[in-house]
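K.L.:
If you scroll down you'll find the structure; I have some questions about it.
The values are calculated or read from the model by the stated rules, or taken from the named source; none is laboratory data. Quantities reported herein were computed from a predicted structural model and do not represent experimental measurements. Don't worry about glycine lacking a Cβ; one is built from the backbone with ideal geometry, like all the others, and counts go over all protein chains shown. Accessible surface is based on the protein model in full, side chains and every heavy atom, while ligands, DNA and RNA are left aside. Shrake-Rupley method; radii C 1.70, N 1.55, O 1.52, S 1.80 Å.
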Amino acid sequence: MTAPLIDPFQRAISYLRVSVTDRCDFRCVYCMAENMTFLPKKELLTLEELDRLCSTFVRLGVEKLRITGGEPLVRRDIMKFFNSMSRHLESGALKELALTTNGSQLERFADDLYAAGVRRVNVSLDTLDEQKFADVTRWGRLPQVLRGIDAAQKAGLRVKLNAVALKGFNEPELFDIVEWCASRDMDLTWIEVMPMGDLGNEDRLDQYWSLKDLRRQLAERYTLTDLTERTGGPARYVRIEETGQKIGFITPLTHNFCESCNRVRLTCTGELFMCLGQEDRADLRAPLRMSDNDALLENAIRDAIKLKPKGHDFDYSRQTVAGQMTRHMSHTGG
């Protein structure tokens, strides 16, 4: 039996987030610069290389794969990869194959994703106002995303909304977004804006809306019950008793969520990041391309996991963006 992946703090690594492309059809202000320079094609892992890497992680005990980007569904022939990963679901080695998307391509792919074994989709959506949506995404069209959510639910996919809390932007929509999700039987996770990437004119301190304040506002209108549910990830959950829906809070800046971290992140170039909030990384593309022998690749993965830190360094407490990562979110895959 293959020994599982255990990091230096005795955390089992069972969750891999995989960025399949750095490209996106939106330019969200907290994620990308408007005029992005994307990676040359030769630097990207091929779909076959992504398959081999992911399959190696599954063999080493990873039970959950979440496919991210950029926008994963803009990658050419991406359904070949999803269909290939479905064999691990069928064998029982993989418990879940999930997707995080901006929703723009869901209308095209929802049925195919369900057929490949995907059952849960996270859609990033920060506003229900069409003009504000165009402003925050720069290139996005809200009706296209809403049709995608319709298609996903019709196909049988469980949709959860991820909304980045942006001060002065979606504060007035807090209750509208919550109640819209409740009306569609969708859970909702709020995310504090993270200090990642040089985005030109975007000031992260001006954007920052503490989820402590957001939760306080919710509690003034609804009855919130704390849930003990833990996924090994960053979210902490409450149930709104009036609607029955689950609300998550991802608060890297006001609460360190690292103690139960069970995940690592693979970029579309084969870099493995052991922590979203640290610059430590390992190059898996070199051993992947060096030999067809998976032993070399397995050893490189195990060596990387030995470097996983205890936690991240995000901090806004001194009114400076301490711990800021220079890479864009789209590079790491969120």
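K.L.:
May I ask you to compute the full-extension gain from residue 9 to residue 173, defined as 0.36 nm times their residue separation minus their alpha-carbon distance, rounded to one decimal in nm?
P.N.:
Numbers: separation 164, 0.36 × 164 = 59.04 nm, distance 4.04 nm.
Here the segment from residue 9 to residue 173 would lengthen by 55.0 nm.
K.L.:
Which cross-chain or sequence-distant (5 or more) residues have an amide H under 5 Å from the amide H of residue 208, H modelled 1.01 Å from N in plane?
P.N.:
167
K.L.:
Quickly rank 103-112, 262-271 as a protection proxy: mean count of other C-beta atoms within 10 Å, highest first. Don't jump to the answer; show the numbers that get you there.
P.N.:
Working: 103-112: 20.3, 262-271: 22.0.
Descending mean neighbour count gives 262-271, 103-112.
K.L.:
Past 29 Å, Cα to Cα: identify those pairs from 42/80; 80/310; 80/132, in the order given. Working shown, then result.
P.N.:
Values: 42/80 19 Å; 80/310 36 Å; 80/132 35 Å.
Pairs exceeding the cut-off: 80/310; 80/132.
K.L.:
With θ set to phi - 60° and the Karplus curve 6.51 cos²θ - 1.76 cosθ + 1.60, what are the ³J(HN,Hα) couplings of region 130-146 in order, to the nearest whole Hz, using x for Gly and Pro?
P.N.:
4, 5, 5, 4, 4, 5, 6, 8, 6, 10, x, 10, 4, x, 5, 5, 5
K.L.:
Could you sort the peptides 296-303, 64-71 by per-residue average Cβ neighbour count (10 Å cutoff), highest mean leading? Write down the numbers at each step before the final one.
P.N.:
Working: 296-303: 16.6, 64-71: 24.5.
Highest mean packing first, the order is 64-71, 296-303.
K.L.:
Moving to a separate point now. Reachable lysines from residue 212, Cα under 22 Å, same-chain residues fewer than 8 places away excluded?
P.N.:
160, 167, 246
K.L.:
Accessible area of residue 30, 1.4 Å probe, to the nearest 10 Å²?
P.N.:
Approximately 30 Å² of residue 30 is accessible to the 1.4 Å probe.
K.L.:
Could I have the simple spin-label model distance between residue 43 and residue 91, label points 7 Å from Cα toward Cβ, reported in nm to one decimal?
P.N.:
For residue 43 paired with residue 91, the spin-label model returns 3.2 nm.
K.L.:
Estimate the FRET efficiency between residue 296 and residue 84 by the formula 1/(1 + (r/R0)^6), using the beta-carbon distance for r and 22 Å for R0, to the nearest 0.05. If you can, show how the numbers build up before the last one.
P.N.:
Details: r = 22 Å, r/R0 = 0.99.
That gives a FRET efficiency of 0.50.
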